[in-house]
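So the structure is just underneath, and the comments pick up after that.
The values are calculated or read from the model by the stated rules, or taken from the named source; none is laboratory data. Computed from a predicted structure; not experimentally measured. Here the Cβ is made from the backbone with ideal geometry for all residues, glycine too, and neighbour counts use every protein chain on show. Accessible surface is based on the protein model in full, side chains and every heavy atom, while ligands, DNA and RNA are left aside. Shrake-Rupley method; radii C 1.70, N 1.55, O 1.52, S 1.80 Å.
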Amino acid sequence: MVEGVLAALYSASAALFMMIAAVLARAYLRLGLQELAGVAWGFSLLSASSAMGAAEMLVSSPRMAVSLYVGSASLAAAGLAIILLASLESRRSIPPVAAAAPLVMALSIDSVAGVLGLLTGYTSRGLARLGFALLGVSHLGRAVSVYLMPGKEAVALLLASELLRSLAAFIMSLYYSGRVVRSGEEE
């Protein structure tokens, strides 16, 4: 019963945040104010966060519920960071240090993902170990690139991190698809 009520409340929030995002997106298209585009994206992420919260209440697997909970919080933080950054940028009188505050949140999220990736790699086997380790390193690279912004070094590190992330996904796809194919042949 409680899960159903929570899922309904999350769903209502998701719908209302998406309505706000749509209104702001239309206003942006009409007026061309860049701040409106940022705020619209922020509310879209808040909507997705609430939708993940609703899904969290409806899944039967505790592991999946925890994953959705963490994803919901991350999307909410990202949405609020984008809204804050758009607001600060529109006031041009805000010093750059204050405008960088949302990036600190991104750093902490990437840092946590990096550490979790490395720990997951440590506990994994085969090519999955390498894949998770590369995924962890890619997130740590993203975290460092935030502090190097703006600049060519930051862009280069971000590109290298995303390349590592793609390589990690490729390695793990080989490992896990190979395991699934082998287990299917054994039956």
*Among (1) part of a helix (DSSP H, G or I); (2) without any contact (Cβ under 8 Å) to a residue 24 or more places away in the chain; (3) under 24 Å from Ala8 (Cβ atoms), which single condition is Arg30 missing?*
(3)
*For the stretch 156-187, enumerate the residues that are modelled with pLDDT of 85 or more and of a type in the set (A, V, I, L, M, F, W, C).*
Ala156, Leu157, Leu159, Ala160, Leu163, Leu164, Leu167, Ala168, Ala169, Phe170, Ile171
*Could you say whether any residue in the stretch 34-49 is more than 28 Å from Asp110 (Cα to Cα) and at pLDDT below 90?*
no
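Suppose the filter is modelled with pLDDT of 80 or more and buried (at least 17 other Cβ atoms within 10 Å of the Cβ); does Leu88 pass it?
In short, no.
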*Assess whether Glu3 counts as being open to solvent by 80 Å² or more (accessible area, probe 1.4 Å) and either at pLDDT below 85 or assigned to a helix (DSSP H, G or I) (or both).*
yes
*For Val104, work out the one condition from (1) at pLDDT below 80; (2) more than 30 Å from Met172 (Cβ to Cβ) it doesn't fulfil.*
(2)
*Hey, among the residues in the stretch 33-76 that are part of a helix (DSSP H, G or I) and among the β-branched types (Val, Ile, Thr), which one's farthest from Ala113 (Cα to Cα)?*
Val39
_Please determine whether any residue of the stretch 125-134 is open to solvent by 30 Å² or more (accessible area, probe 1.4 Å), at pLDDT 80 or above and of a type in the set (Phe, Trp, Tyr)._
yes
